[in-house]
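Asks: Pasting a structure here, questions to come.
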Amino acid sequence: MKDNYRKIALWQTAFLGDAVLTLPFIKALSLRFPEAEIHLFVRKGIESLFESQKELTAIHGFAKRGNQKGIGDAFRLGRELGAQGFDLWISAHTSMRSGLISLATGISYRIGYDKPLFNRFAYTQRVKRRFDQFEEVERLMALGLPLGISGIAPAFELNLPEVAIEEASTFFGKISDAPVIGFHPGSTWETKKWPEQNFAATIAKSLEAGFRVVLFGGPGEEATCSQIVEQSGRADEIINLAGKLNLPKLAAYIKNLDVYISNDSGPMHIAWVQHVPLVALFGPTVRKFGFFPRGDNSTVLESPEILNCKPCGLHGGKTCPKKHHKCMTGITVEMVWSEIIKKVEMRGDLRC
């Protein structure tokens, strides 16, 4: 492989959280090749979160569920990308479609994982993902080994647009008279969701303690958030921002929280990469998958009951295969409330 590259394509078209987890590797690429353009390809709809990222030259959206979903479309897209002057292609995605796009580019240097089997044709350099041995950040860092990049993640940050930072600062300046607790009850996967009534009860406890409460929700999660507000019995005291923030603004608002409560979701990763005190609620998935939030500020809560059915899949699912959903219902309101108090108290100590 070469010692230098001018234009690098990084392909990561999985979910929002997966793209966020790529930030340490992006930083490592920029340190290794400071003069190179780095182009990030992500799932269409999440481009805005990365548009201010200093290490990146451009962000491109891939409509994997839209007009680019077919195999023929993927091949044509690969041919088009191959004509755009990239001299290094790196894929963090393991699907056959991603492999086909890589192969179709015809770029001389293409790095990807060694599995599935098709990847031996798709990539000129292949690395072991070692799913059972490493966390996702380290699995992504392994893609840099053929480039002389170590597997140790460098320090990094999520860069946000000034307009989002200023809006969030103004918003929190008006409610900073008490600790602000953020709640995000949504998830792409139904089985990863803590029960609505539990969120409502924890929100009520937070308000009773004199805390401010902000409720977050992405597109399609407005109804869930409205139901939680109603169940809490304290609708007038909750700031419900469901469906009102784009991704950069969501990230900026999360950054200002004293504590953030979230299911296993993309916004959960936005929280920990910004060192926000986080309580993450995990049910159908487990730490060994490598997607747990990192850092001293992150606490993961799981049901204390030993469940032979856990994990039930890499992502969870639409319904509980056992019909009891104990992995999430076993996380009690008292467990979550205890962690909120600990983090608020710690936050208070740091402010003194």
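The values are calculated or read from the model by the stated rules, or taken from the named source; none is laboratory data. What you are looking at is a predicted structure, and each value in this text was computed from that prediction instead of being measured. All Cβ positions, glycine included, derive from the backbone under ideal geometry; neighbour counts span all protein chains shown.
Asks: Here are some residues: Thr285, Thr329. Which one is buried (at least 22 other Cβ atoms within 10 Å of the Cβ), outside the structural domain of Arg129 (by TED's automatic domain parsing) and of a type in the set (Val, Ile, Thr)?
Replies: Sole residue among the options that is buried (at least 22 other Cβ atoms within 10 Å of the Cβ), outside the structural domain of Arg129 (by TED's automatic domain parsing) and of a type in the set (Val, Ile, Thr): Thr285.
Asks: Of the numbered conditions (1) basic (Lys, Arg); (2) touching a helix residue (DSSP H, G or I) at 6+ places or on another chain (Cβ under 6 Å); (3) under 30 Å from Pro34 (Cβ atoms), Arg234 fails exactly one; give the number of that condition.
Replies: (3)
Asks: Can you run down the residue pairs with Cβ atoms below 6 Å, 6 or more apart or on separate chains, where the first is in the stretch 283-312 and at positive phi and the partner is crowded, with 17+ Cβ neighbours inside 10 Å?
Replies: Gly290/Glu135; Gly290/Glu136; Gly295/Trp272
Asks: Any idea which of (1) under 14 Å from the mean Cα position of the chain (by Cα); (2) farther than 25 Å from Cys312 by Cβ is the one Lys249 doesn't satisfy?
Replies: Exception for Lys249: condition (1).
Asks: Ok, one more. Given the criteria closer than 21 Å to Thr188 by Cα, in contact (Cβ under 8 Å) with a residue 24 or more places away in the chain, crowded, with 16+ Cβ neighbours inside 10 Å and not assigned by TED's automatic domain parsing to the domain that holds Leu23, does Gly316 qualify?
Replies: Details: closer than 21 Å to Thr188 by Cα: yes; in contact (Cβ under 8 Å) with a residue 24 or more places away in the chain: yes; crowded, with 16+ Cβ neighbours inside 10 Å: yes; not assigned by TED's automatic domain parsing to the domain that holds Leu23: yes.
So Gly316 fits the description; yes.
Asks: Going through Lys342, Lys326, Lys310 one at a time, which residue ends up being more than 21 Å from Asp177 (Cβ to Cβ), under 25 Å from the mean Cα position of the chain (by Cα) and at pLDDT 95 or above?
Replies: Just one listed residue meets the conditions, Lys342.
Asks: Before we move on, is Leu281 under 29 Å from Lys255 (Cβ atoms) and among the hydrophobic types (A, V, I, L, M, F, W, C)?
Replies: So Leu281 passes the test.
Asks: Return the residues of the stretch 147-167 that are within 14 Å of Thr22 (Cα to Cα) and at pLDDT 95 or above; say none if nothing qualifies.
Replies: Selection gives Ala153, Pro154, Ala155, Phe156, Glu157, Leu158, Asn159.
So that you can scan it fast, the table gives a plain yes or no per residue for (1) among the polar types (S, T, N, Q); (2) more than 27 Å from Arg347 (Cα to Cα); (3) crowded, with 19+ Cβ neighbours inside 10 Å; (4) out of contact with any Pro (no Cβ under 8 Å at 6 or more places or on another chain):
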{"position": "Lys249", "(1), (2), (3), (4)": "no, no, yes, yes"}
{"position": "Ala252", "(1), (2), (3), (4)": "no, no, yes, yes"}
{"position": "Tyr260", "(1), (2), (3), (4)": "no, no, yes, no"}
{"position": "Pro267", "(1), (2), (3), (4)": "no, no, yes, yes"}
{"position": "Pro277", "(1), (2), (3), (4)": "no, no, yes, yes"}
{"position": "Asp296", "(1), (2), (3), (4)": "no, no, no, yes"}
{"position": "Cys312", "(1), (2), (3), (4)": "no, yes, no, no"}
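Asks: A further question follows. Kindly evaluate Gly17 against the criterion of being closer than 19 Å to Gly218 by Cβ, in the same structural domain as Leu143 (by TED's automatic domain parsing) and touching a residue at least 40 places away in the same chain (Cβ under 8 Å). Even if it seems obvious, please write down each step before you answer.
Replies: Details: closer than 19 Å to Gly218 by Cβ: yes; in the same structural domain as Leu143 (by TED's automatic domain parsing): yes; touching a residue at least 40 places away in the same chain (Cβ under 8 Å): yes.
When the stated conditions are applied, Gly17 passes them.
Asks: Output the residues belonging to the stretch 135-185 that are more than 30 Å from Phe211 (Cβ to Cβ), buried (at least 18 other Cβ atoms within 10 Å of the Cβ) and over 22 Å from the mean Cα position of the chain (by Cα).
Replies: Leu147, Ile149
Asks: Could you say whether any residue in the stretch 26-35 is surrounded by fewer than 18 Cβ atoms within 10 Å (Cβ to Cβ) and in contact with a Pro (Cβ under 7 Å, 6 or more places away or on another chain)?
Replies: Taking every residue of the stretch 26-35 in turn, at least one turns out to be surrounded by fewer than 18 Cβ atoms within 10 Å (Cβ to Cβ) and in contact with a Pro (Cβ under 7 Å, 6 or more places away or on another chain).
Asks: Pick from the stretch 313-323 the residues that are small (Gly, Ala, Ser) and in contact with a Phe, Trp or Tyr (Cβ under 7 Å, 6 or more places away or on another chain): which of them is modelled with the lowest pLDDT?
Replies: The residue in question is Gly316.
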